[in-house]
Amino acid sequence: MSATVSVDLPWFAKATRRFGAPLAFVAALAMSVPGEIHLAEVAGWSPNVAMLMPVCVSVYAASAAVMADVARRFNLPGKASAQVGAVLALILAILAQDISHLIQLDYMSSSAVLVAAVSAIPGLVVAHLLHMGRGPRETAIEVEAPDVPEPDEDQGDEDGQLSLIDMETGEARPRRGRRGRPAVAPEVIQAAAEKLKAEQKKVTGVALAEELGLSHRTGSRYLGKLADLEAETG
């Protein structure tokens, strides 16, 4: 069972975490806009269309980094190429600034190769984003999670769900809503099973749950207990 530790950060650390990173992100995007617009104009786009280049470069690089991290964490299809693409997107954003400023300060001039490379950016961005946005075939994704204790049957709600975990502090927070139900006695479970058999119904977890007025998950758990009881009684 993994333990959680709550760390109380000083106020300035909390403020930096909450406001510092977003402000730096916005400032970096704002500073990258002029260079990327200029580079698009050098490649031949009109000023109105060139204003979209920062979305194709800086915003794309940030999005690719986030999507690649999610693909790695949840083991999504194409995670390796997503990470490679995120690195290339970052390199593209850096080169766009460098080349634009070098041209503006007359350290270099435009060329056919440069125009062709810049003109290919939108198509490459679309292709990579479509690739990273490809979802898994399964509707549910299995991920590793820390081991947690199974809830007692006389605690928690009727679905046996654990307390919620606060994503900021890592501490458990009590669930709101229904209070716990006491465990159903073995003889009551057996009686419900006998009733189902008498009615020519198959004894399943769902059938037990409906007969006892519980959730399907709890009914499946009681079905396992019923099998143990029948094995003990021979």
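Read-outs throughout are calculated quantities, based only on the coordinates presented, and are distinct from any laboratory measurement. Keep in mind it's a predicted model, so treat the numbers as computed, not measured. Note that we place each Cβ from the backbone using ideal geometry, even for glycine, and neighbour counts take in every protein chain shown.
The table that follows gives values for the structure above.
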{"read-out": "Sequence-separation-based contact order of the stretch 186-233, relative, with Cα cut under 8 Å and 6+ spacing, percent", "value": "33 percent"}
{"read-out": "Rounded if a/c under 1.5, otherwise prolate or oblate - the stretch 11-132, Cα gyration tensor axes", "value": "oblate"}
{"read-out": "Dipole axis of the stretch 11-132 (+1 Lys, Arg; -1 Asp, Glu on Cβ), positive-most option in A96, V33, V84", "value": "V84"}
{"read-out": "Extreme residue, positive dipole direction of the stretch 186-233, given options A191, G205, A227 (C-beta unit charges)", "value": "G205"}
{"read-out": "Order of S111, S215, S100 under a 10 Å beta carbon neighbour criterion, fewest first", "value": "S111, S215, S100"}
{"read-out": "Under 16 Å from the Cα of K14 - lysines, other chains or at least 8 residues apart", "value": "none"}
{"read-out": "Residue order, fewest to most beta carbons within 10 Å, for L223, L102", "value": "L102, L223"}
{"read-out": "Those lysines that a straight Cα-Cα span of less than 29 Å connects to K225, excepting residues fewer than 8 apart in one chain", "value": "K195, K197, K201, K202"}
{"read-out": "Likely footprinting exposure, I91, I103, fewest C-beta neighbours within 10 Å first", "value": "I91, I103"}
